[in-house]
Amino acid sequence: MYRRIIKDLTDWKLRNKRKPLILLGARQVGKTYIVKEFGQESFSNFIYVNCHQNTAATELFRDMDTKRIRREIERLYDKKIVDGKTLLFFDEIQEVANGVASLKYFCEDEPNLHVIVAGSLLGITLRENESYPVGKVETLRMYPMDFMEFLIARGRKGLVEVLKNLEWDTMRLANSELTEYLREYYFTGGMPEAVQEYISSEDIYKVRKIQKDIIDAYYRDISKHTKVLVTRIHQVWESIPAQLAKENKKFIYGAIAKGARASQFELALQWLLDAGLIYKVNLVKKPTMPLKFYADASAFKVFFLDCGLLACMSQANPNEMLLGENAFVEFKGAFTENFVVEQIKSLDKIPVYYYAKENSKLEIDFIIQSDRVIPMEVKAEENTKSKSLSTFVRIDNADNKMKGLRVSMKPYIDQDWMENIPLYSLWGYLNKICNKNT
């Protein structure tokens, strides 16, 4: 399946001054698959070393002699390593001691060799008793498939071009079809295995089984990487669907367990964040660039990395999600806000926050930063009254000449002070903002 990160990998390959590459991301987002595809298609020679339960891989890193490591890999895999023509890929690198640390020496001693490593995000970044090769590696972050990649997997490249080019009139004509694909994406999410199963069999119960297996794998990862926090991490993780089902989606520690306090669960929440399993969107107190200057770390919303996993965790009925409007309105728009955050995060370039006015009910779902501050209101259906957004833009920030963005199930309309775009066009709209600023 096509993944946009291929372009970033190709750019890395062609750079003259290139360092070993660490591909970061949560488990099951497709890191191994995409590097194998890249290696086999872009290099004349590809060597794949899986470090999981591999005694030979453990022995490879007994010291930092990269010349020896090269020789031993050539013998083990019966392939000649040629600078510029061979891609050396160490998968599950966190499973072997000194694997990550060795990248410093590959950078210094083997600058012409293409080396990529991948593994669980947490395992790579938090290896105990091992120094991270700061300044000696490059990193890329990989996310679940975004909606555009899902459409490509569904064989709808033409619709992708319509969305990327923001062809609003054509979108109106294709509205029913695009809405149907959006329902499917809410259900499958962007985990490649779940998407592939849905495309090949359209068996919703097989898809849900895959999603459950992925969640179970995350639970095993939690138990593997931390013994002290296991119970609390589980409690935080399992509370998120209920947190998102609230009208006010601000994360409340008291919703985890009766009497729960921040001091008890902060580390558990941070663990999930470091593992890439959740996204955290902080409150911003002032809608002024740079937004990070005005972020409030004590108030935030939490979202799953994948709307399909949210659906599975919520035990949402697959048939109801794929029929009618239930997917959009269920849980007070929880799936829709999660979808919006996923698309923003997948671009990896747009800071995102939310805003709540003190001593007031006024709240803006999201505030993003590009070449300007954009207040964003998210509507899960066609009922699109935007009182808070209108007040925020036209009264509270009238002097700042802001223009709001409403994302809903309605077609495109420009109302001078605000643009409304259909939900399925969000990635294309944000991508255009990113490209305009580069």
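Only the coordinates and a few stated rules stand behind these numbers; no lab work does. The shown structure was predicted, so the numbers you read here are calculated from the model rather than taken from an experiment. Positions of Cβ are backbone-derived with ideal geometry, glycine not excepted, and every protein chain shown enters the neighbour counts.
Quick notes on this one:
- Simple spin-label estimate for residue 257 and residue 434 gives 3.9 nm between the two label positions (7 Å along the Cα-to-Cβ direction from each Cα).
- By the count of other C-beta atoms within 10 Å, a proxy for reagent exposure, 305, 272 are ordered fewest to most as 272, 305.
- Along principal axes, Cα extents of segment 216-358, largest first, whole Å: 43, 43, 31
- Along segment 282-299 the Karplus relation, 6.51 cos²θ - 1.76 cosθ + 1.60 evaluated at θ = phi - 60°, assigns HN-Hα couplings of 7, 5, 10, 7, 9, x, 10, 6, x, 4, 4, 4, 10, 6, 10, 5, 8, 10 Hz to successive residues, with x for each Gly and Pro.
- Sequentially through segment 262-277, phi angles give Karplus couplings (6.51, -1.76, 1.60; θ = phi - 60°) of 4, 4, 7, 10, 4, 5, 5, 5, 5, 4, 5, 5, 5, 7, x, 8 Hz, Gly and Pro residues having no value and appearing as x.
- Candidates 195, 314, 23 compared by Cα position along the dipole of the chain: farthest toward the positive end lies 23, with charges placed on Cβ.
- Distance between the 7 Å Cα→Cβ label points at residue 399 and residue 71: 7.3 nm.
- In a simple Cβ point-charge model (Lys, Arg +1; Asp, Glu -1; nothing else charged), segment 21-74 has a dipole of about 100 debye relative to its Cα centre.
- Set of lysines with alpha-carbon distance to residue 31 below 18 Å, sequence-local pairs under 8 removed: 7, 13, 345
- Partner lysines for residue 212 [C-alpha distance under 19 Å; skip if fewer than 8 residues away on the same chain]: 224
- Residue by residue, segment 34-50 carries 3J(HN,Hα) couplings of 6, 5, 4, 4, 4, x, 6, 8, 10, 10, 6, 9, 10, 10, 10, 10, 8 Hz when phi is fed to the Karplus relation 6.51 cos²θ - 1.76 cosθ + 1.60 (θ = phi - 60°); x denotes Gly or Pro.
- Violating pairs (Cα-Cα greater than 30 angstrom) within the set 36/136; 19/80; 19/286: 19/286
- Helix 192-201 axis, angle to the chain major axis (alpha carbon atoms, nearest 10°): 80
- Normalising the average separation of contacting C-alpha pairs (under 8 angstrom, six or more residues apart) by the number of residues puts the relative contact order of the chain at 14 percent.
- Average Cα contact separation per residue, segment 5-141, under 8 Å, 6 or more apart, as relative contact order %: 37
- Viscosity 1.306 mPa s, 10 °C: Kirkwood-radius Stokes-Einstein D of the chain over Cα pairs, µm²/s: 68
- Taking only the Cα atoms of segment 362-417, the ratio Rg/Rh comes out at 0.94, with Rh defined as the Kirkwood radius.
- Stokes-Einstein translational diffusion, segment 124-238 - Kirkwood Rh over all Cα pairs, 0.692 mPa s, 37 °C, in µm²/s: 189
- Per residue convex hull volume, Cα atoms of segment 153-306, in Å³: 169
- Whole-Å distance, taken between Cα centres, linking segment 22-69 and segment 174-245: 26
- Scaled against 2.2 N^0.38 Å for its residue count N, the alpha carbon radius of gyration of segment 193-262 is 1.42.
- Dividing the summed helix terms, -39500 (n - 2.57) for each DSSP H run of n ≥ 4, by the number of residues in the chain produces a 222 nm estimate of -13000 deg cm²/dmol to the nearest 500.
- In this simple spin-label approximation, residue 172 and residue 280 carry label points 7 Å from Cα along the Cα→Cβ vector, and these lie 4.4 nm apart.
- For residue 404, distant residues with modelled amide H under 5 Å away: 418, 419
- Net charge dipole size for the chain [Lys, Arg +1 and Asp, Glu -1 on Cβ; Debye, nearest 20]: 880
- Around the amide H of residue 86, modelled in the peptide plane, lie the amide H atoms of 114, all under 5 Å away and 5 or more residues distant in sequence or on another chain.
- Difference of contour (0.36 nm per residue) and Cα-Cα distance, residue 292 to residue 390: 32.9 nm
- Dipole magnitude for segment 5-141: computed about the Cα centre from +1 point charges on Lys and Arg Cβ and -1 point charges on Asp and Glu Cβ, it is near 360 debye.
- Extent along the principal axes, Cα only, for segment 5-141: 34, 32, 27 Å, with the longest axis given first.
- A Förster radius of 22 Å combined with the Cβ-Cβ distance from residue 138 to residue 36 puts the calculated FRET efficiency at roughly 0.70.
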